[in-house]
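Trainee: Dropping a structure here in structure tokens format, bear with me for questions.
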Amino acid sequence: MATAFITHGDCMKHDMGAYHPECPARLAAIDDQLIASGIAPYLAHHDAPLATVEQLARVHPDEYIEAIRAARPARGIVHLDPDTAMNPGTWDAALRAAGAAVLATDLVVRGEAESAFCSVRPPGHHATRTRAMGFCIFNNVAVGAMHALEAHGLERVAIIDFDVHHGNGTEEIFEDDERVLMASTFQHPFYPYSGTDHPARNMVNVPLQAGTGSQGFRDAVERRWLPALDDFAPQMVFFSAGFDAHVEDDMAMLRFVDQDYAWVTRQVKTIADRYAGGRIVSVLEGGYALSALGRSVVQHLKVLGGM
């Protein structure tokens, strides 16, 4: 089965202003590299649906969902926090981003795809239950994981987050939820300055100091993530796939390279093959150096799709 590639044109219409790093060109850069690498024809392309309120409400209270709906401007830009803004296209883009995670989960659980990648924006892992922040509005990967648990009846899912920033929103949503294991690496100290203060038992957080490169990352995965994942035996694996730890990305100060994203995907895929029938859903988070983003996503997808 081909890996599903899920996106939508509406995700290009979310625009937080000139020079904002979380820009529509990110998705175009991924598309360009899919073509340049020759892998585009080997993916099963799907349009992301709009997430329903019911699907969002497994993660976010109705009041928060309605507040975001009410905040959408008819024109111009409205800031939800200093880093996170809405324009007239943001509401539909955010629903498509969360809806992509739902569709990806459906396709993989039903056996219509072995794995799926959601090339969507806005990203999601900083969004808490009740707060938009860090470029994120709805927590897309959490919506997908909850869909697997609540709609499909899975008992154990793992979330793997290798974004350079700690996924504080995902941690807040799932801390102490014994159905979920979250394993993450992130630069520390760094935005959002979380993830190190007595994390819950189901959180495998590995802070990395500025300047950490491939070996430090791989050591963290082998020593911390993989034993915890083996103990947990997930029935499905989700990636919060942020590519901003890349050495070419000046958003932060880690020094990963393209091949690290293939390597970590391979390690986690081995876990998914062992316990979850290979079921993996990956949802785009960060990554702001456009060429590095596109190349890294290709490395990730080649492993997911066995190419």
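Trainee: How would you classify region 4-106 from its alpha-carbon gyration tensor, with a ≥ b ≥ c the square roots of the eigenvalues: rounded for a/c under 1.5, else prolate if a/b is greater than b/c, otherwise oblate?
Mentor: oblate
Trainee: Keeping every protein chain present and rolling a 1.4 Å probe, give me the accessible area per residue for the chain in Å².
Mentor: Per residue, the chain has 37 Å² of solvent-accessible surface.
Trainee: Shifting gears a bit: Rounded to the nearest 5, what is the percent of antiparallel bridges among the DSSP beta bridges in the chain?
Mentor: Around 10 percent antiparallel, to the nearest 5.
Trainee: Give me the distance in nm between label points sitting 7 Å out from Cα along the Cα-to-Cβ direction at S291 and M307, one decimal.
Mentor: 2.0
Trainee: Figure the gain on full extension for A44 and R129 (residue separation times 0.36 nm, minus the Cα-Cα span) and round it to one decimal in nm.
Mentor: So the extension gain works out to 27.4 nm.
Trainee: Summing +1 for each Lys or Arg and -1 for each Asp or Glu, what net charge is found among the other residues whose Cβ lies under 12 Å from the Cβ of A241?
Mentor: On the way: positive: none; negative: D161, D163, D244, E285.
Cβ neighbours under 12 Å give a net charge of -4.
Trainee: While we're on this one: Leaving ligands, DNA and RNA out of it, rank H8, H46, H79 by accessible area with a 1.4 Å probe, largest first.
Mentor: Greatest to least solvent exposure: H79, H46, H8.
Trainee: Averaging sequence separations of C-alpha pairs under 8 Å and six or more residues apart, then dividing by the length of region 246-307, give the relative contact order as a whole percent.
Mentor: 44
Trainee: For a quick check of understanding: with a 1.4 angstrom probe and all protein chains in place, what accessible area in square angstrom does D197 have, to the nearest ten?
Mentor: Surface open to solvent at D197 totals about 120 Å².
Trainee: Could you give the DSSP H helices of the chain that reach 24 angstrom or more along their long axis (alpha carbon positions) and whose average Kyte-Doolittle hydropathy is no lower than -0.5?
Mentor: 90-109
Trainee: Also: Below 8 Å, C-alpha to C-alpha, sequence gap of six or more: please give me the relative contact order for the chain in percent.
Mentor: 20
Trainee: Further question on the same structure: Please give the length that would be gained between M1 and M253 if that part of the chain were fully extended, namely 0.36 nm times their separation in residues minus their C-alpha to C-alpha distance (nm, one decimal).
Mentor: Working: separation 252, 0.36 × 252 = 90.72 nm, distance 3.74 nm.
Length gained between M1 and M253: 87.0 nm.
Trainee: Would you mind calculating the relative contact order of region 205-277 from Cα pairs under 8 angstrom and at least 6 residues apart, reporting the percent as a whole number?
Mentor: 42
Trainee: While we're looking at this one, here's another question. Protein chains only, probe 1.4 Å: how do Y275, Y193 rank by accessible area, largest first? Provide the component values of the computation, followed by the final result.
Mentor: On the way: Y275 80, Y193 155 Å².
Largest accessible area first, the residues go Y193, Y275.
Trainee: Given a 1.4 Å probe and every protein chain left where it sits, what share in percent of the accessible area of the chain is carbon and sulfur? Don't jump to the answer; show the numbers that get you there.
Mentor: Details: 5570 of 11500 Å².
For the chain, the apolar C and S fraction of the accessible surface comes to 48 percent.
The values are calculated or read from the model by the stated rules, or taken from the named source; none is laboratory data. Please read all numbers here as calculations on a predicted model, not as lab measurements. So basically every Cβ, Gly included, is an ideal-geometry build from the backbone, and we count neighbours across all protein chains shown. To get the accessible areas, we keep the full protein, side chains included, count just its heavy atoms, and leave off ligands, DNA and RNA. Shrake-Rupley method; radii C 1.70, N 1.55, O 1.52, S 1.80 Å.
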